Amino acid sequence: MEFGLPLEDILQKLAEEGYRISRRTFLYYVQLGLLPKGKRKGQKSGGVKFYYPTWTLERLKTILRLKKQGLTLKEIKKRLPREIPSPLPPKTFPQTARLKDCNVCGICGAICPVHEEMDLSPWRLIQAWLEGPDSLPSANTPWVCVGCYLCEERCPREIPVVDFLRFLRREGLPPGKRWRKHPEWSRIFWSLLEERGRSFDFGAVHAYHIRIIGSGENQRLFLRLPGPEGEKEVSAPSKIKNLSAFRRALEHAREWP
Amino acid sequence: MKVLYYPGCSSEHLARDFYLSIEALASFLALELEPLPDWNCCGAREIEEAPEGVGLFLASRNLALASGKELLVTCSLCFHNLKRAQNILRENPIWRSRMAEVLKDEGLELSPDLPRILSLTEFLTRIDFSRFRSPHFRGFPVAVYYGCFLSRPYPTDLQALEKVLSAAGYPVIPTTLKTHCCGGHLPRTDSPVIKNLCRRLLFEARQKNASGLAVACPVCKLNLEIYGDPPFPVRYFTQYLGLALGISPSWLGIPEEE
Ligand code: SF4
Ligand code: SF4
């Protein structure tokens with residue numbers, strides 16, 4: 001685990017973004033297990049500082065946002081990702097041999113409807129991967145890809161571009177090179193899915209603000225859609241029948257390599 | 001004959017109007033559409049972040065529930081996810097046996113006879129809409145838009161929308177962008193990229209003198225309505241079909257004031 005930021009820097013950064021939190025509250029959250037434990041580091045000046053993983057910042061912002069929505073700390077804890085990211089060795093892409101056919105024509109990047117949002121074109125990542133997993137630069141490309149398959153349709157060499165990007169996003173890139181997109185919605189999506197077997201297509205609505213109040217039977221969802229309707233309360237999705245078997249199966253499915 | 005269909009989560013909220021228009025069409029045409037009993041979420045785009053097994057399980061459970069039957073899928077993203085899983089189960093015996101194992105717990109069986117997945121667009125080509133057209137209906141020119149997931153990588157009939165809409169009395173205007181991308185689930189929604197993609201699609205339809213754009217996917221419709229500027233009428237193709245049959249707009253999820 002990388003320990004990047006001293007507590008002071010985290011508080012400073014949050015203050016710059018308009019969040020208010022005291023040192024005391026921060027340490028209280030650590031005590032509750034909402035935030036990771038810091039690591040002591042002696043300073044040249046003689047003092048001691050506590051360092052926290054860089055993702056602490058994002059996690060703390062999520063906590064503060066959820067708190068603003070009226071959730072209790074207990075509810076917040078339930079909603080935060082349980083797993084604390086740790087660096088994993090890069091995995092292999094099963095179709096690497098096929099990537100070698102790429103002739104670097106650049107069509108995949110040119111045809112891509114969202115290429116302007118990408119740090120690097122798909123083919124650049126393919127070439128970097130072929131040089132060795134360590135050469136992979138950090139780039140938002142796999143997360144920006146909307147999966148339209150236009151690149152594969154036009155690629156003259158039948159390169160599995162979309163599968164490759166999916167692989168990078170899931171497991172190919174070490175956590176330090178990952179780009180987390182709207183982690184809060186992902187969390188809500190999965191918790192609804194686990195609680196009910198059904199969810200929302202949040203991917204499509206993360207721009208419109210969704211407010212969730214309470215949990216379980218008392219959960220209330222508010223959706224703000226553009227247009228004259230403004231914000232409206234929507235019912236949570238209906239439940240499937242055998243939820244305990246569904247959850248067990250989901251848990252099981254997560255463990256397969 | 002009963003036909004099973006998979007409504008997907010969006011049918012309850014974001015694509016409520018799609019769902020209403022499908023139900024209205026079904027009752028008008030006396031089609032016995034039955035929602036897949038106890039269906040679960042397909043995982044939308046979020047399964048891309050989760051281990052492969054998760055998306056496969058979510059799809060496999062639905063596939064098991066529809067074993068041996070025809071399964072009509074209304075949302076394009078659900079269609080993509082179910083089709084992709086179906087292909088993996090067919091080609092990869094390891095995933096297949098894992099899924100069979102995990103489903104057993106709930107008493108579900110992944111029979112060798114996986115369902116036949118059909119898009120709503122293709123399904124409706126079985127109906128001759130010219131027979132049902134209302135005598136009072138006067139068709140107006142529309143352009144059609146399939147978006148990505150009905151076109152790639154598991155292509156459906158890319159003349160289906162043209163067929164049903166022209167049979168229903170709409171002159172369908174040919175466009176070149178009908179299988180292009182609307183920006184889909186681009187994570188940065190304040191992006192100029194998604195706006196440009198949507199504007200371009202509407203621009204073509206307007207330029208060619210269409211009075212509306214018929215779409216088949218909830219994400220495409222929302223994107224076009226939110227980012228497509230200046231605004232241009234975008235409706236589900238099922239709403240246009242319903243209007244041609246003389247079904248009242250409110251039953252089709254079309255707001256009164258329009
Ligand atoms: S289009 Fe295909 S061959 Fe051309 S650069 Fe992209 S992946 Fe390589
Ligand atoms: S599938 Fe992804 S990388 Fe390929 S063209 Fe579409 S958005 Fe771009």
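Throughout, read-outs are computed from the coordinates displayed, never taken from laboratory work. All values reported here derive from a predicted model rather than from experimental measurement. Cβ atoms come from the backbone with ideal geometry, glycine included; neighbour counts cover every protein chain shown.
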Original post:
HN-Hα J couplings of region B:84-98 from phi, Karplus 6.51/-1.76/1.60, θ = phi - 60°, integer Hz, Gly and Pro as x?
Top reply: 5, 4, 4, 5, 5, 4, 6, 8, 10, x, 5, 4, 4, 6, 4
Subject >> On Cα atoms only, tilt of B:192-207 relative to the major axis of chain B in degrees >> reply: 50
Original post:
Looking at chain A, which Cys residues are left with no other cysteine's beta carbon under 4.7 Å from theirs?
Top reply: A:C102, A:C105, A:C112, A:C145, A:C155
Original post:
So what are the three principal axis dimensions of region B:1-109 from its Cα atoms, in whole Å, longest to shortest?
Top reply: 45, 30, 23
Original post:
Under a 5 Å amide H to amide H cut-off, with H placed in plane at 1.01 Å, what residues pair with B:Y236 once short-range neighbours are removed?
Top reply: B:V215
Original post:
What does the helix-only formula give at 222 nm for chain A: each DSSP H stretch with n ≥ 4 adding -39500 (n - 2.57), the total divided by the residues, and the result rounded to the nearest 500 deg cm²/dmol?
Top reply: -11000 deg cm²/dmol
Original post:
Taking chain B, how many lysine pairs are there with alpha carbons less than 28 Å apart, if each pair must be eight or more places apart or span two chains?
Top reply: 20
Subject >> Estimated vicinal HN-Hα couplings, Hz - region A:156-173 in sequence order (Karplus 6.51, -1.76, 1.60; Gly, Pro = x) >> reply: x, 10, 6, 7, x, 4, 5, 4, 5, 5, 5, 5, 4, 5, 7, 8, x, 9
Original post:
If you plug each phi of region B:32-47 into the Karplus form 6.51 cos²θ - 1.76 cosθ + 1.60 with θ = phi - 60°, what whole-Hz ³J(HN,Hα) values come out, in order, with x for Gly and Pro?
Top reply: 8, 8, 10, x, 4, x, 6, 4, 10, 4, 7, x, 6, 7, 5, 5
**OP:** Amide H neighbours of B:V3 under 5 Å, at least 5 residues apart or on other chains, H built in the peptide plane: list them.
**Re:** B:E32, B:L33, B:E34
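Calculate the mean, over all residues of peptide A:115-127, of how many other protein chain Cβ atoms lie within 10 angstrom of the residue's Cβ.
1
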Original post:
At a Förster radius of 22 Å, what calculated FRET efficiency corresponds to the Cβ-Cβ distance of B:F203 and A:E153, to the nearest 0.05?
Top reply: 0.45
**OP:** State, to one decimal in nm, how far the label point of A:R20 lies from the label point of A:Q43, with both points 7 Å from Cα in the Cβ direction.
**Re:** 2.6
Original post:
Amide H of A:L35: which non-local residues (sequence gap of 5 or more, or other chain) have their own amide H closer than 5 Å, using H built in the peptide plane?
Top reply: A:V30
Original post:
Within region B:33-113, which GluC sites (Glu not before Pro) sit in a loop by DSSP and count at most 14 neighbouring Cβ atoms inside 10 Å?
Top reply: B:E109
Original post:
Looking only at B:R200, B:R61, B:R90, which one moves most when chain B is put into a Gaussian network model with springs between Cα atoms under 10 Å?
Top reply: B:R90
Subject >> Inter-probe distance in nm under a simple model that places probes 7 Å from Cα toward Cβ, at A:T72 and A:S244 >> reply: 2.5
**OP:** From the C-alpha gyration tensor of region B:135-252, pull out the three semi-axes of the equivalent ellipsoid (sqrt of 5λ each), sorted largest to smallest, in whole Å.
**Re:** 24, 15, 13
Original post:
At q = 0.09, 0.13, 0.16 Å⁻¹, what base-10 log of I(q)/I(0) does the Debye formula yield for chain B when every alpha carbon is treated as an equal point scatterer in vacuo?
Top reply: -0.41, -0.83, -1.20
Original post:
Counting only other chains, what is the mean number of Cβ atoms within 10 angstrom of the Cβ of each residue in peptide A:25-38?
Top reply: 0
Original post:
From Cα coordinates alone, what are the radius of gyration and Dmax values for region A:96-171 in angstrom?
Top reply: 11.0, 29
Original post:
Taking the Cα centre of the protein assembly as shown as the origin and placing charges on Cβ (Lys, Arg +1; Asp, Glu -1), which of A:N103, B:L25, B:V142 is farthest toward the positive end of the dipole?
Top reply: A:N103
Original post:
Hey, got the average number of other protein chain Cβ atoms within 10 angstrom for residues in A:185-194?
Top reply: 3
Original post:
Of the beta bridges DSSP finds with both residues in the protein assembly as shown, what % are antiparallel, to the nearest 5?
Top reply: 40
Original post:
Given the rule -39500 (n - 2.57) for each run of at least 4 DSSP H residues, summed and divided by the residues of chain B, what is its mean residue ellipticity at 222 nm, to the nearest 500 deg cm²/dmol?
Top reply: -12000 deg cm²/dmol
